[in-house]
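Right, one structure below, let's go through it.
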Amino acid sequence: MPPSLPLNTVRLDHIDLAPSRPLVIVDVDEVLGLFMAGFGAYLETKGLEFRIEKFALFQNIYRPGETEHLDLEEGRQHFESFFRYAAGDMPLAEGGPGALKMLSDHASIVILTNAPGQARLGRARWLARHGMDYPLILSSGPKGPLTARLAAQVSAPVAFVDDMISNLDSVAEHAPHVARFQSVADTRLRHLAPSRPEVHTRIDDWESLGAAIKSAIT
Ligand SMILES: [Mg+2]
């Protein structure tokens, strides 16, 4: 992922958490939103194909008919442009807003997304438009250290939801008391996503996931 801010400089002073309230930290791409679907649709407008062949970003971008993926740097530029211009059209993962609304009766919700800096406005608008106007943190890199900083602000249970095992492993390392859930929203990606369900609970649909998170934090 392109850097936005180094992890240790991400400011949390706009995040005002009630110390005695449980906390749920939720990812956006492939958890609340169908990133691959949105990015794929954007790439089509650029005459490119997004083939869902592996759980990866830039290695899946092709010119039609070609067998070698697009140059990685070129892919990265499309990724940055997508976040600047088109991420507001990303389809929603079914059930996410309702589950967060239910959980918000019991917990503080924080959205923690790895996205480039130019994504902030569009991402905040996308979340608000879908009824998920919760505090938003843009970051980059493994999410464990930042999750540990957030979790340290509350004395109640904390849950963390992400699609990527690298982030779940990082949380297990830096904040082992946080309940971890892996969720992959896009049905085409589910069988491709590296997973260790014995270590990080894996639940892909928001109805079951919301109930499991509630059990973990209340
Ligand atoms: Mg994600």
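Test Pro91 against the criterion of being within 30 Å of Ser215 (Cα to Cα), under 16 Å from the mean Cα position of the chain (by Cα) and more than 16 Å from the ligand (Cβ to nearest atom), and give yes or no. So Pro91 does not fit the description; no.
With respect to (1) of a type outside the set (Ser, Thr, Tyr); (2) under 22 Å from Asp186 (Cα atoms); (3) touching a residue at least 60 places away in the same chain (Cβ under 8 Å); (4) not in a helix (DSSP H, G or I), the lone exception for His69 is condition (3). Across region 21-32, the number of residues qualifying as near the ligand (Cβ under 10 Å from one of its atoms), closer than 13 Å to Leu100 by Cα and of a type outside the set (Val, Ile, Thr) comes to 2.
For region 57-94, a residue qualifies if it is of a type in the set (A, V, I, L, M) and within 28 Å of Arg129 (Cα to Cα), and the qualifying residues are Leu57, Ala86, Ala87, Met90, Leu92, Ala93. Among residues of region 20-35 that are among the aromatic types (Phe, Trp, Tyr), those with a Cβ under 8 angstrom from a residue that is within 15 Å of the ligand (Cβ to nearest atom), sequence gap 6+ or separate chain, pair up as Phe35/Val28; Phe35/Asp29; Phe35/Met90; Phe35/Asp186. Exactly one residue among Glu53, Glu94 is within 20 Å of Leu192 (Cα to Cα), at pLDDT 95 or above and in contact with a helix residue (DSSP H, G or I) (Cβ under 9 Å, 6 or more places away or on another chain), and that residue is Glu94. Scanning region 178-218 for residues that are surrounded by fewer than 17 Cβ atoms within 10 Å (Cβ to Cβ), within 16 Å of the ligand (Cβ to nearest atom) and among the hydrophobic types (A, V, I, L, M, F, W, C) gives a single hit, Leu192. For the residues Ala211, Ala156, Ala115, Ala148, the requirement of being farther than 25 Å from Ala87 by Cβ and in contact with a Ser or Thr (Cβ under 7 Å, 6 or more places away or on another chain) singles out Ala156. Only a single item in (1) assigned to a loop (DSSP other than H, G, I, E, B); (2) of a type outside the set (A, V, I, L, M, F, W, C); (3) within 20 Å of Ser20 (Cα to Cα); (4) under 16 Å from the mean Cα position of the chain (by Cα) is not met by Pro194, and it is number (3).
Quick one: in region 153-177, which of the residues that are among the aliphatic types (A, V, I, L, M) and touching a Leu at 6+ places or on another chain (Cβ under 9 Å) is farthest from the ligand (Cβ to nearest atom)?
As a first pass, look at region 153-177 and keep what is among the aliphatic types (A, V, I, L, M): 154, 156, 158-159, 161, 164-165, 168, 171-172, 175.
Still in the running and touching a Leu at 6+ places or on another chain (Cβ under 9 Å): 154, 156, 158-159, 161, 175.
Numbers: Val154: 23, Ala156: 25, Val158: 18, Ala159: 16, Val161: 9, Ala175: 18 Å.
This residue is Ala156.
Here Phe35 does not qualify as out of contact with any Asp or Glu (no Cβ under 8 Å at 6 or more places or on another chain) and crowded, with 16+ Cβ neighbours inside 10 Å.
Going by what's in this entry, would Pro97 be described as within 14 Å of Val31 (Cβ to Cβ), away from the ligand (no atom under 16 Å from the Cβ), in a helix (DSSP H, G or I) and in contact (Cβ under 8 Å) with a residue 12 or more places away in the chain? Spell out the reasoning first.
Numbers: within 14 Å of Val31 (Cβ to Cβ): yes; away from the ligand (no atom under 16 Å from the Cβ): yes; in a helix (DSSP H, G or I): yes; in contact (Cβ under 8 Å) with a residue 12 or more places away in the chain: yes.
So Pro97 fits the description; yes.
When Phe50, Phe58 are checked against the criterion of being of a type in the set (Phe, Trp, Tyr), closer than 26 Å to Val171 by Cα and not assigned by TED's automatic domain parsing to the domain that holds Ala211, Phe58 stands alone in meeting it.
Look at Gly40 and say whether it is crowded, with 22+ Cβ neighbours inside 10 Å and in contact with a Phe, Trp or Tyr (Cβ under 8 Å, 6 or more places away or on another chain). In short, no.
Looking at Met102, is it more than 16 Å from the ligand (Cβ to nearest atom) and under 23 Å from Leu168 (Cβ atoms)?
On the way: more than 16 Å from the ligand (Cβ to nearest atom): yes; under 23 Å from Leu168 (Cβ atoms): yes.
In short, yes.
The values are calculated or read from the model by the stated rules, or taken from the named source; none is laboratory data. Not measured: the values here are computed from a predicted model. With ideal geometry, Cβ positions are generated from the backbone for all residues, glycine too; neighbour counts draw on all protein chains shown.
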